[in-house]
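Okay, structure first, notes after.
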Amino acid sequence: MTRRVAELEAELEAASKLLSTYKAMLFGSRSEKARVVLDGQESLDLGDLGAICIATPANDHPMPRAAKPRAKRNIGALPKHLPRVIHVVEPESTQCACCRGGMHKIGEDVSEALDVVPAILRVIATVRPRYACRACEGSIVQAPAPRRMIEGGMTTTSLIAWIVTQRFAWYLPAYRQAQMLAGHGLQIDRSTLTRWVKRAAWWLEGLYDLQLQAIHRQSRIHVDETRMPVIAGGKGKVRIDQFWTHGMDDRPWNGPAPPAVCYVHARSRSHRTISEQLGSYHGVLQVDGYTAYKGLGDPNRSSGAIQLAFCLAHLRRRFVDLHKSTRSPITAQIIDLLGRVYGIEAEIRGTSAEHRLLIRQEKSRPIMEELKVLLDNTLSRVSRASDLAGHIRYAQGHWRGLNLFLEDGRIEVDNNMIERQMRPIGIGRRNSLFAGNEGGAHTWAVLASLLQTAKLNGLDPYNWLNDVLIRMVSGEVLNNDLDQLLAWNWRPANDPAVQWAA
């Protein structure tokens, strides 16, 4: 009887902990900042936490208050590159109220307000006159028809670029775009819009491949994966496929690689799948602790072992979630130590790799060593079946990769760069529910990769895509010159004739 009571109490405790975790997920703060997570921990201080009353922020990329850059707002002046429409408001009369004489202008007040002109649908009528010689009746000349993305179609390249941008840069599904066009009196079926999108992806396939190759040429890249529902077979059943995400970004240490991301559609998230995608890649791979990556570090790999750098944010997230449900002093201390590491990273972000490595060796290494001692000592004092013990074993099993940032100033402490690029896929997935068939999933991967990279490089995705497609369709840029159209190499065309050819 006593044993049964103990079992029921253990089950009740586990259920209570699970309920607390769900409550924290639903109603608690979503922030991982230490000043939020550790709020009120002074009352739980048993003398073993040290000074954690004023906790260092443990968010992904904290910025000290004094060093925080000023927000870029258009206060007092609107961008000069925007066109101006001058609207002069004259008084009802310019005759003097006293002597009825004419008044002369002595100055003016100018105030500016931002305005918008909604999208306007128009029809481009291309007229090609034919000329014949009166003397030689058989001689007739006519200019060749400008090339179109869809020969014989009723749409310009610019309209297709707009549809694609709305769909994959701003996450507006095809059916909503069809509704918007219907509001202009234009009835276009969703299947027609889908064919236009697929045609755009066909034109851009070579540029997508070139961008993926550019990422894989880097000595350090990020990889992650997320689910992508796909219609399988002819019965309309949904199958869960994967989008693997490959990315590069050397901006944190002023390196040569520009920011870029490529999504790759695959049927599974197995080790074999990612191994085939990486092919002959050898370098540093920044990933989370997913098992499929572990085999890439095999020294007997045909193209050479890949050095795995693991994500400190994933480790921190485990203890943050546990702390929200248990309010344990141990988890509070672990979060505080990790927050101190992130505080150091905020100070050195944007400096050279050499400087980052020097500061990490001086300041971050002692913190990580202190964390290792704390984890080892705690594991011997808690139940091996507890969640805390499981998280500690995770840290110990990945410790080498979690500390790799201490040996190379180019490596980040976490994989948040690529995780941020998963959010656009998540938003689009929520809005569209699924990616159609496998061809639709590949189309999504191609177009989302190029447009998201354009955004990462500070470009307006529509202007970039429209210009790129016009140059490719017109034949101005051929396949062996596609490198100039990559987002980080692109320069806008100033030739009005090129714009007219759209």
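The values are calculated or read from the model by the stated rules, or taken from the named source; none is laboratory data. These numbers were taken from a predicted model, which means no experiment stands behind them. Every residue, glycine among them, receives a Cβ derived from its backbone with ideal geometry; neighbour counts consider all protein chains shown. Protein only, heavy atoms only, side chains kept; ligands, DNA and RNA dropped before computing areas. Shrake-Rupley method; radii C 1.70, N 1.55, O 1.52, S 1.80 Å.
Distances between placed amide hydrogens fall under 5 Å for ARG239 paired with VAL230, ILE231, ALA232, all partners being 5 or more residues away or on another chain. The stretch between VAL110 and GLU151, if pulled fully straight at 0.36 nm per residue, gains 9.8 nm over its current Cα-Cα span. Heavy-atom accessible area, probed at 1.4 angstrom with all protein chains present, ranks CYS99, CYS136, CYS262 as CYS99, CYS136, CYS262, highest first.
Were the residues from HIS355 through GLU92 laid out at 0.36 nm apart, the gain over their Cα-Cα distance would be 87.9 nm. Here the Karplus relation 6.51 cos²θ - 1.76 cosθ + 1.60, evaluated at θ = phi - 60°, turns the backbone of segment 346-352 into coupling constants of 5, 6, 9, 5, x, 9, 5 Hz, with x for every Gly and Pro. Here HIS81 and ARG134 are evaluated by their C-beta separation; at R0 = 35 Å the FRET efficiency comes out at 0.10.
Of the trypsin sites (Lys or Arg not before Pro) found in segment 380-460, the ones in coil according to DSSP and having at most 14 other Cβ atoms within 10 Å of their Cβ are ARG381, ARG384. Shape of segment 242-386 from the C-alpha gyration tensor: oblate (a/c of 1.5 or more and a/b not above b/c, with a ≥ b ≥ c the square roots of its eigenvalues). Computed with every protein chain present, the accessible area of HIS87 is close to 150 Å² [probe 1.4 Å]. Which of the three applies to segment 100-181, rounded, prolate or oblate, going by the alpha-carbon gyration tensor with a ≥ b ≥ c and a/c under 1.5 meaning rounded? Oblate is the answer for segment 100-181, as a/c is 1.5 or above yet b/c matches or exceeds a/b.
Taking every protein chain into account, the 1.4 Å probe leaves HIS222 with about 0 Å² of accessible area, to the nearest ten. Using a cut-off of under 16 Å, list every residue of segment 158-195 whose amide N is near the label point 7 Å from the Cα of THR126 along the Cα-to-beta-carbon line. Taking a point 7 Å out along Cα→Cβ of THR126, the residues of segment 158-195 whose backbone N falls under 16 Å are 158-161. For the set TYR281, TYR462, the ranking by accessible area, highest first and with no ligand, DNA or RNA atoms included, is TYR462, TYR281 under a 1.4 Å probe. Sorted largest first by accessible area at a 1.4 angstrom probe radius, with every protein chain in place, the residues CYS311, CYS133, CYS98 fall in the order CYS98, CYS133, CYS311.
Across the cross-link table entries LYS235/LYS324; LYS294/LYS372; LYS198/LYS455; LYS198/LYS237, which are compared at the Cα atoms, the separations over 32 Å belong to LYS235/LYS324.
Counted residue by residue at 0.36 nm each, then reduced by the alpha carbon distance between them, the extension gain from MET103 to ARG400 reaches 98.7 nm. Relative to the Cα centre, the charge distribution of segment 309-461, modelled as +1 at Lys and Arg Cβ and -1 at Asp and Glu Cβ, gives a dipole magnitude of about 440 debye. A simple rule links phi to the HN-Hα coupling: the Karplus curve 6.51 cos²θ - 1.76 cosθ + 1.60 with θ = phi - 60°, which for segment 413-418 gives 7, 8, 9, 5, 4, 7 Hz, with x for Gly and Pro.
Among the trypsin sites (Lys or Arg not before Pro) within segment 145-232, which fall in a DSSP loop and have no more than 16 other Cβ atoms within 10 Å of their own Cβ? Counting only loop positions with at most 16 other Cβ atoms within 10 Å, the trypsin sites (Lys or Arg not before Pro) in segment 145-232 are ARG147, ARG217. Does segment 68-213 classify as rounded, prolate or oblate by the C-alpha gyration tensor (a ≥ b ≥ c root eigenvalues; a/c under 1.5 gives rounded; else a/b over b/c gives prolate, otherwise oblate)? Taking the square roots of the gyration eigenvalues as a ≥ b ≥ c, segment 68-213 is oblate. Normalising the average separation of contacting C-alpha pairs (under 8 angstrom, six or more residues apart) by the number of residues puts the relative contact order of segment 255-338 at 22 percent.
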